[in-house]
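Below: the structure, in C-alpha cells.
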Amino acid sequence: MAKTKSAYFCQSCGFETAKWLGKCPSCNQWNTFVEEVIEKGNSHVPTWKSPSGTQRLSKPSKVEDIQSATEERTSTGDLELDRVLGGGLIAGSVILIGGEPGIGKSTLMLQLALNVVGKKVLYISGEESEQQIKMRAERITTQPKADCFILTETSTQNIFKQIEQLESEIVIVDSIQTLHSAHIESTPGSVSQVRECTAELLRFAKETNTPVFLIGHITKDGAIAGPKILEHMVDTVLQFEGDRHHIYRILRSIKNRFGAAAELGIYAMQSSGLREVSNPSEILLSQRDEELSGITIGATLEGARPMLIETQALVSVAAYGTPQRSATGFDTKRMNMLLAVLEKRCGFRLSAKDVFLNIAGGIKVEDPAIDLAIMAAIISSHEDIFISSKICFAAEVGLSGEIRAVNRIEQRISEAEKLGFEKIFISNYNLKGLNKDKFKIQIVTVSKIEEVFSLLFG
Ligand code: TYD
Ligand code: MG
C-alpha cells in the first residue's frame, strides 16, 4: 500500500507546509492552514502526458528570432462572450469563470456548448446528472448542434481518457471544485485537489491547443474558492455577476492574458436562457412619460463600453432619530461622502433626512464619473424639482466640491449624443484637447458643485 502523508495548506494562497502554522508566511493571513492528506511520492506528477511521450527540451531563443504568431481567434457564437475574451477564443487558453450560485454559470457554458459552430465540444459536469443537463438544454434551444457531448464524471484520469477518445476541440468543466485526481488523497474541492486538477487541465490545454473553460465556485466574500494561485495559473479570469432578483447579468473580465481586462458583457436571463444585450443604455434608461424628481442619468464607462445609467434618489424626513442611508448598486461609503460634500459645501441640510439611492437595472457601478449624476438626483429629490430627462452627467466630485475630469470623455459624449440627449455636464478640466464643435449635443462645463445647482435650479 502506498504510504500516505499529509500536509497543511493555506486556504487563502495555497502555501504548503509540513507543520501547522498560525500565520501564513506567504500571504500573512492568520488561521488559514488546514490539514489535507496527499499521497507521498507522485503527488506532483500530472496525469496528462503528451501523446508522443517524448519530452521536449527547451532552449533559449532571441526575441527577434521568435516568429510572431498572429493568434487565431474562434468565435464562441456569443458576441458578448467574444468581446469579454478580447475578440474570441484563443487555442490552448484556460478560462476560469466565477460567480455566485444560481447566477447562471452553467447556463452560460451550456449555451456556448450548444451554439458554437463547427467545434466538437465536451461539457463535463460533476454537479448535475445527464437528465438535468438535457432539461436545461431543452430550455435553451430547440435545435442543439450535433457535436455537443455531455460527460458526468469527476475523476480527471477518466476525463482525459474520454477527451482523447472523443478528440474534443473545446472542453468545459463544471465545476473545478468537484474534480478529483487519483494522485492526491484529499477530498474534492480542497486546496491541493483544486490545484492539482487545474494543473493537469492546464497541461492538457497547452499541449493539445484545446481551449478549456473552468467554472469555479466563489466563497462568501466573493473570491473564487480555492487558492489564489488558481487565478494565477489560468490565462483568463471572468466573473459572472448580477442581482438575482433582476434579469440582468454582467460578465466581467478580471484578468486576461489575451485582451483588455475590465471588459464587459451584458446578458438578460430569460426563461429560455441568457440573451445577449447589445445596446445596454436603451434598457437601463426607463421610458418615462412624465418628468419626476430624484431621477438623473450618468454617462458611465464599464471597461471600454459607454453606458448611460439611470440613478434614482429619494430624500425624505427621517421618521426616527437616526436617519437611514442606503444605496443599491453604489458604494454606501461613497454616497455618505457625497452627502457630506452637499451639506458642507452647498449648505443643504441633509443630516436629518433619510436618503435612499438606487441604480437602475440591478447594475453595480464603480465608475466615479457617476458622482455628479448621484448628487444631482439627491438634490432633485430633496428640492422636489425634476431635472429634464434630456440632460446627463459625467464627472467625478472631490471632497471640496470640485468637479473633476474623467477618462475617455469623448466616448461618453458620443454615446449621450447617440441616445438623443440634449445637454451633458462635464468638468472644466476635461476641456483640454476636446473638440467641442464635433458634437451637436450641448456641452456644459463646470468646475464647482455650486455652479451645477445654480445652472440646474436657477
Ligand atoms: P445556473 O446556470 O444553474 O447557475 P449556476 O451554475 O451559476 O449555479 O442558473 C440557474 C438559474 O437560472 C436558476 O435560478 C434558473 C435560472 N434560469 C432561467 O431563468 N432561465 C433559463 O433558461 C435557465 C436555464 C435557468
Ligand atoms: Mg451550476
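The values are calculated or read from the model by the stated rules, or taken from the named source; none is laboratory data. As the structure is a computational prediction, the values presented were derived from the model and not from experiment. Every residue, glycine among them, receives a Cβ derived from its backbone with ideal geometry; neighbour counts consider all protein chains shown.
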In the set K145, K161, the lone residue that is assigned by TED's automatic domain parsing to the domain that holds L201, assigned to a loop (DSSP other than H, G, I, E, B), out of contact with any Gly (no Cβ under 7 Å at 6 or more places or on another chain) and away from ligand 1 (no atom under 16 Å from the Cβ) is K145
Would you be able to say whether some residue in the stretch 411-427 is part of a helix (DSSP H, G or I), buried (at least 20 other Cβ atoms within 10 Å of the Cβ) and among the small types (G, A, S)?
-> yes
Condition test on S400, is it in contact with an Asp or Glu (Cβ under 8 Å, 6 or more places away or on another chain) and among the small types (G, A, S)?
-> no
What residue, of Y267, Y320, is hydroxyl-bearing (S, T, Y) and within 16 Å of ligand 1 (Cβ to nearest atom)?
-> Y267
Looking across the stretch 95-120 at residues that are more than 14 Å from ligand 1 (Cβ to nearest atom) and surrounded by fewer than 24 Cβ atoms within 10 Å (Cβ to Cβ), the single one that is nearest to I254 (Cα to Cα) is V116
Test for G303: is it more than 26 Å from V444 (Cα to Cα) and among the small types (G, A, S) = no
All positions within the stretch 278-322 that are modelled with pLDDT of 90 or more, in a loop (DSSP other than H, G, I, E, B) and in contact with a strand residue (DSSP E or B) (Cβ under 7 Å, 6 or more places away or on another chain) = G294
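Table: residues versus (1) among the charged types (D, E, K, R); (2) within 16 Å of ligand 2 (Cβ to nearest atom); (3) more than 19 Å from M233 (Cα to Cα).
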| residue | (1), (2), (3) |
| --- | --- |
| L151 | no, yes, yes |
| T154 | no, yes, yes |
| Q165 | no, no, yes |
| S168 | no, no, yes |
| L202 | no, no, no |
| V212 | no, no, no |
Residues of the stretch 98-131 being outside any loop (DSSP other than H, G, I, E, B) and within 10 Å of ligand 2 (Cβ to nearest atom), which ones?
-> G99, K105, S106, T107, L108, M109, L110, S125
Is there any pair linking a residue in the stretch 94-109 that is in contact (Cβ under 8 Å) with a residue 24 or more places away in the chain to one that is within 8 Å of ligand 2 (Cβ to nearest atom) and in a loop (DSSP other than H, G, I, E, B), with Cβ under 8 Å and at least six apart or on different chains, and which?
-> K105/S175; S106/E127; S106/E128
Cβ pairs under 7 Å, 6+ apart, first in the stretch 431-454 and under 17 Å from S388 (Cα atoms) and not assigned by TED's automatic domain parsing to the domain that holds T296, second loosely packed, with under 13 Cβ neighbours inside 10 Å and at pLDDT below 95 = none
Determine whether I184 is crowded, with 21+ Cβ neighbours inside 10 Å, touching a residue at least 40 places away in the same chain (Cβ under 8 Å) and within 13 Å of ligand 2 (Cβ to nearest atom).
-> no
Listed residues E450, E396, E383, E366; which is within 19 Å of L338 (Cβ to Cβ), at pLDDT 95 or above and surrounded by fewer than 19 Cβ atoms within 10 Å (Cβ to Cβ)?
-> E396
In the stretch 70-84, what residues are within 26 Å of E164 (Cα to Cα) and outside any loop (DSSP other than H, G, I, E, B)?
-> R73, T74
Cβ-Cβ below 7 Å, separation at least six or inter-chain, first residue in the stretch 189-210 and outside the structural domain of F15 (by TED's automatic domain parsing) and more than 12 Å from V94 (Cβ to Cβ), second surrounded by fewer than 24 Cβ atoms within 10 Å (Cβ to Cβ) and of a type in the set (D, E): which pairs?
-> S190/E36; V191/E36; S192/E36
Could you say which residue among R349, R305, R325, R345 is within 30 Å of the chain's Cα centre (by Cα) and farther than 26 Å from G420 by Cβ?
-> R325
Odd one out for V94, checked against (1) within 16 Å of ligand 2 (Cβ to nearest atom); (2) β-branched (V, I, T); (3) over 15 Å from the mean Cα position of the chain (by Cα) = (1)
